[in-house]
Amino acid sequence: MKVKTLLIDIENKDLVLPEFQRDFVWNTEDVKKYVQSIYKKYPTGSLLIWKTLNPPKLSGGYKSSEGIYTRVLLDGQQRLTTLYLFIKGKTPPYYKNMIKKFNLYFNVENEQIRYYQKILMENKLEWISIVDYFKYETAASFVLKSKNKDYYFKYLEHLEKLDEIRKYEYYVDEEKLTSLSNIKEIVKIFNLVNKQGRTLSEEDLALAYTCSFWPGIKDLFREELILYSKKGYFLDFNFLIRCLTSIATGHAKFEGYYKVSIEKIRESWERLKRALVFLLNILDDKAYINSSNSYELKSDALLVPIVTYLANNNYEFKNEKEQNKFLYWF
């Protein structure tokens, strides 16, 4: 399936993203290497799409139509999001608040792809913005509408090669999973596919698993993270799922998390919230730490064992001596 078709499907919400997927995490180097690879027509993997009549909770809150298959993207999110950002020039509709801009430029003479550098590229005809280039339907229309069409016409071959990104073809597997409707089974497949590719962390996999039986957990995480940010602590999903795992299992290894009951995980979440609020207050009052800034908190991982202890001990230290020992360790 051509990239152009896939991006139209995303724009029309015919290809959607499940809530259990992580957000876009590629950094500038990841994006640059991918764009270079696809420009050179290197193989960049395949895509996995799940067609289902009973979709899970979807990013962006879409509601599926009854009796019509929903096409859910399981593998390929980072790649298609990158292409959408460059070719469509905007954020994909499955993200509510994500705005990413990657200021990549293309050299029409030597075919280099680099991030914008004012000294190197300002007022240089050979360097063009890739996002601006894709605002034109074809390489020919870019040349004809340019004030410097005679110059760009000399490099039409390179411009057409850049335009070929729209026609890059992916093998898309849409039929293999159609018969499956069990969301837990789908998440298991999603985790296996991504774990083999080493693209997801253990935290990502554990959170995806949690979403399989608790579709609203990410919304609950977001609400809590907003509360913590008001206290000066800018934590994330990975931190919360590490705490949840440790409270539910008694240790930080994720393998045990998949063996505990759903009821225990839900109950552990309630204990996590109370324990963390208590701890942040203690840190402010006794340790004179009131933010997650690096000069105050070197790593949020330091909070995990104390949160776990408090969650399993009535949200308090046994006595002041024990409290001071914890704070000294911290």
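Laboratory data are not the source of any read-out in this text; all were calculated from the coordinates shown. Small disclaimer: the values here were computed from a predicted structure and weren't measured. Every residue, glycine as well, gets a Cβ built from its backbone with ideal geometry; the counts of neighbours run over all protein chains shown.
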Original post:
To the nearest 500 deg cm²/dmol, what mean residue ellipticity at 222 nm is calculated for the chain from DSSP H runs of n ≥ 4 alone, each contributing -39,500 (n - 2.57), summed and divided by the residues?
Top reply: -13500 deg cm²/dmol
**OP:** Considering only DSSP beta bridges where both residues belong to the chain, give the percentage that are antiparallel (nearest 5).
**Re:** 75
Subject >> Residue with peak Gaussian network fluctuation, the chain [Cα springs, cutoff 10 Å], from N148, N313, N54 >> reply: N148
Original post:
What is the order of I217, I130, fewest Cβ neighbours within 10 Å to most?
Top reply: I130, I217
Original post:
In degrees from 0 to 90, rounded to the nearest 10, what is the angle of the helix 77-87 Cα long axis to the longest principal axis of the chain?
Top reply: 40
**OP:** For segment 131-141, just list the computed ³J(HN,Hα) in residue order, Karplus coefficients 6.51, -1.76 and 1.60, θ = phi - 60°, integers in Hz, with x standing in for Gly and Pro.
**Re:** 4, 5, 4, 6, 6, 8, 5, 9, 5, 4, 5
Original post:
Which order do T245, T308, T44, T52 fall in if you start with the one that has the fewest other Cβ atoms within 10 Å?
Top reply: T44, T52, T308, T245
**OP:** For segment 202-329, calculate the relative contact order in percent as a whole number, restricting contacts to Cα pairs under 8 Å that are 6 or more residues apart.
**Re:** 25
Subject >> Cα-based helix-to-principal-axis angle, 320-329 vs the chain, degrees rounded to 10 >> reply: 30
**OP:** Starting from the Cα coordinates of segment 250-330, work out the convex hull volume and express it per residue in Å³.
**Re:** 99
Subject >> Pairwise centroid distance, computed over Cα atoms, of segment 113-176 with segment 237-293, Å >> reply: 48
Subject >> For Y233, distant residues with modelled amide H under 5 Å away >> reply: S292
**OP:** Return the percentage of antiparallel bridges among DSSP beta bridges fully within segment 1-77, rounded to the nearest 5 %.
**Re:** 75
Subject >> Fewest-first sequence of I10, I113 by Cβ atoms within 10 Å of each Cβ >> reply: I113, I10
Original post:
Does segment 99-150 come out rounded, prolate or oblate, given a ≥ b ≥ c as the square roots of the eigenvalues of its C-alpha gyration tensor, rounded meaning a/c under 1.5 and, failing that, prolate meaning a/b above b/c?
Top reply: oblate
Original post:
If you average the sequence gap of Cα pairs under 8 Å that are 6 or more apart and divide by the length of the chain, what percent do you get for the contact order?
Top reply: 17
Original post:
Between the helical axis of 28-39 and the dominant principal axis of the chain, each derived from Cα atoms, what acute angle in degrees is found, rounded to the nearest 10?
Top reply: 40
Original post:
Taking springs between alpha-carbon atoms closer than 10 angstrom, which of D132, D236, D285 fluctuates most in the Gaussian network model of the chain?
Top reply: D285
